[in-house]
Every structure is written in C-alpha cells, then in structure tokens.
Amino acid sequence: MNLPNPVTYAIPAFIFLIIAEMVFGRLTGKVRFEPKDTATSLAMGLGSQVAGLVAGSIGYGIGLFIWHHARLFDIGFTWWAMVVAFILNDLAYYVFHRASHRVRWFWAAHIIHHSSQHYNLSTALRQTWTGLPALTFIFSLPLFVLGFHPLLIAFVAGLNLIYQFWIHTEAIKRLPRWFEAIFNTPSHHRVHHATNPRYLDANYAGTLIIWDKMFGTFVPEDDAEPCRYGIVHQLGSFNPFKVASHEWIAIAKDMVKARSSREFFLYLFGPPGWSHDGSRHTSRDLKQSWEKKVSPKKAKSPAPAE
C-alpha cells in the first residue's frame, strides 16, 4: 500500500491559519507576533522539510530492514492497525519528547522548537534541522519490531504532527473539560513551552495528554501565572543557522572542558544545564528551588520523576 505524506497536503492550511491568526491578533491583541521571529520560524520550517527528507529516507530504510528481518508479527494496513499504530506512535512520541528534554544530545536538536519567545502558530513550524545526527528516529524502532510497516508509522506520525500544529496558539484559552482530559490542547501545550519554574519539564504529549497523566508529568495551566516562552537562557538571535546549531556548538565547547570520561559523558547525555562545577542549573534544579520558595499549598506541580 502506498500512503501519502499528510503533512504535504496540510501546508496550505498551515499558511492560511497563520495568516488568519495574525489578523486575529492584530484586531484583538490576544496573539503576539514579531516579524523577525516569525520569519525565523518559517525559515526553520522550510529547512526542516529539506533535512527531514534525508533523515526520513535513512530512518525509513532502517525501519524497513527491521520490519523485513526482525518483526514479531505480521500487521497489515487494516483500519484497526492504523488506530493502534496511531496510539502506540503517540506513546513513542511521548517517550521521545520526554527524552528530548532530559538528555542533552536529544535536546540539542529539540531546543530549536523552544527557541522562540512568542507562542503562535508560526512557532509550530520552528522545527529541527538536526534530527538525523541526534538519532531521534530510534524511538520508532520498537514499532517496526512489533510488525508495523514503516509506511504506516510515517503516515500516523504525519497525522500526529498535523494535530500538534493548532495547539500552538494563545487565541484558544480552554476547551470542554472532557476534551482537555484526553487530548493535548493549547492550554496544556502552553505549559510545555513555558520557562516558568512551575511549568518546566511537563506536558510532553503529542496528541493524547493521558500519557502525561499516567506517568506523572502533567501540570495544568494556572491563570494566575501566565506562561513565559522561550528557553531558560534566551538565544537573542533570529539567525536560522545559529538557532539550528547553537546547542551543538555549546556541547562541543563543554566537551573540551571535560576533565574525565564521566564529565565527557554527562556533557553529552546528562540533563541540559548540567555542569561539572555546578555553575549552571538543570530544569530540575530550577523547579526544586521554586518549590522551596512557595508553600506546599501553592506548589501544585511536583517535580516530575526522572
């Protein structure tokens, strides 16, 4: 079976909705855009499409090899297989997304998506150019072992990506309670993009927020504390090449400073913000420091388990 790339068909809708949100923001002031920031997000999105062709081809080839030689079951392209594939791929995305915030090697690729200090639909297009060297495709490999064809996984992954586009907005505050309980929403995802200590390392969901609730990483948005977006130490640049490479460069500089194999390893695979002399802080450090400053009644979001 030949399945299309659904993201390709969604691009015109992405562009239309971004323009519509810009008009809405101009009329109401409820959504903020900055021209240079938006241009950078669009450039990152275009570059990610090019880089994704290479990464996708290699990942597909590896997946096809595993599917041919190491699959446990013969799962076809039936409707139920597509439903199960979507759910399991969404779980795999949760694992990938959580690892991308807790392991610096993966964070070096993912940080691009968080580098904007604005939160609007154009931010959804700010995607990585370095997913291939980060080896992020490894999180899909168990699905091929189970017997899901790489084409099927690529298709449902595309649907997942399309879903995640519309939740990058401040125009929608809350949705019905039943929807907020099951699905990722703008409110949930604003928390994920926030740099407030209360909100750090939370809400990793792609489509289904149930994973965060199951694994203890869900934090609700608090209207009393508006989200501040970006990264803990803001990049301060609209240069797409700097946006794409700055964390990789920082890793290389830190590796040179490593005084032992342990430090070398932690600069590569430790949590972002780790340093051998304690001069920097991880998100866990920042969150625990915040919790010490607030009373137990106000600290509604305990630090998620590693």
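The values are calculated or read from the model by the stated rules, or taken from the named source; none is laboratory data. Source: prediction; values computed, not measured. No Cβ is skipped: glycine too gets one built from the backbone with ideal geometry, and neighbour counts run over all protein chains shown. Surface areas here come from the heavy atoms of the whole protein model, side chains and all, with no ligands, DNA or RNA. Shrake-Rupley method; radii C 1.70, N 1.55, O 1.52, S 1.80 Å.
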Calculated over the chain: convex hull of Cα atoms, volume per residue (Å³): 149
Under 5 Å, built H, 5+ apart or other chain: amide partners of residue 229: 195
For the range 14-81, convex hull volume per residue from C-alpha positions, Å³: 155
Inter-probe distance in nm under a simple model that places probes 7 Å from Cα toward Cβ, at residue 33 and residue 54: 3.1
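Note down the Stokes-Einstein diffusion coefficient of the range 148-276 in µm²/s, whole number, using a Kirkwood radius over alpha carbon pairs, 25 °C, and 0.890 mPa s.
The calculation lands on 142 µm²/s.
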Surface/4 of the Cα convex hull for the range 86-192, nm²: 7.2
Extension gain, residue 145 back to residue 245 (0.36 nm per residue minus Cα-Cα distance, nm): 32.7 nm
Hydrodynamic radius of the range 75-133 per Kirkwood, over alpha carbon pairs, in Å: 13.4
Computed helical MRE - 222 nm, the chain, DSSP H runs ≥ 4 contributing -39500 (n - 2.57), nearest 500: -18500 deg cm²/dmol
Stokes-Einstein diffusion coefficient of the range 28-123, Kirkwood radius over Cα pairs, 37 °C, 0.692 mPa s, in µm²/s: 198
Hits among lysines - C-alpha to C-alpha of residue 292 under 23 Å, sequence gap 8 or more where chains match: 300
Computed FRET value (nearest 0.05) for residue 1 with residue 172, which takes r as the C-beta separation and R₀ as 51 Å: 0.90
The range 1-68 and the range 176-221: distance between their alpha carbon centers, rounded to Å: 22
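The range 174-218: which trypsin sites (Lys or Arg not before Pro) are DSSP loop and have at most 16 other beta-carbon atoms within 10 angstrom?
For trypsin sites (Lys or Arg not before Pro) across the range 174-218 that sit outside H, G, I, E and B with at most 16 neighbouring Cβ atoms in 10 Å, the list reads 174.
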Carbon/sulfur fraction of accessible area - the chain, other protein chains in place, 1.4 Å, %: 69
Efficiency of FRET from Cβ geometry, residue 288 and residue 223, R₀ 35 Å, rounded to 0.05: 0.90
The range 220-275 pair-distance distribution - Cα-Cα, 5 Å bins, rounded %: 4, 16, 20, 17, 14, 12, 10, 5, 2, 0
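Just subtract the alpha-carbon distance of residue 234 and residue 46 from 0.36 nm times their residue separation and send over the number in nm, one decimal.
Length difference between fully extended and current span is 65.4 nm.
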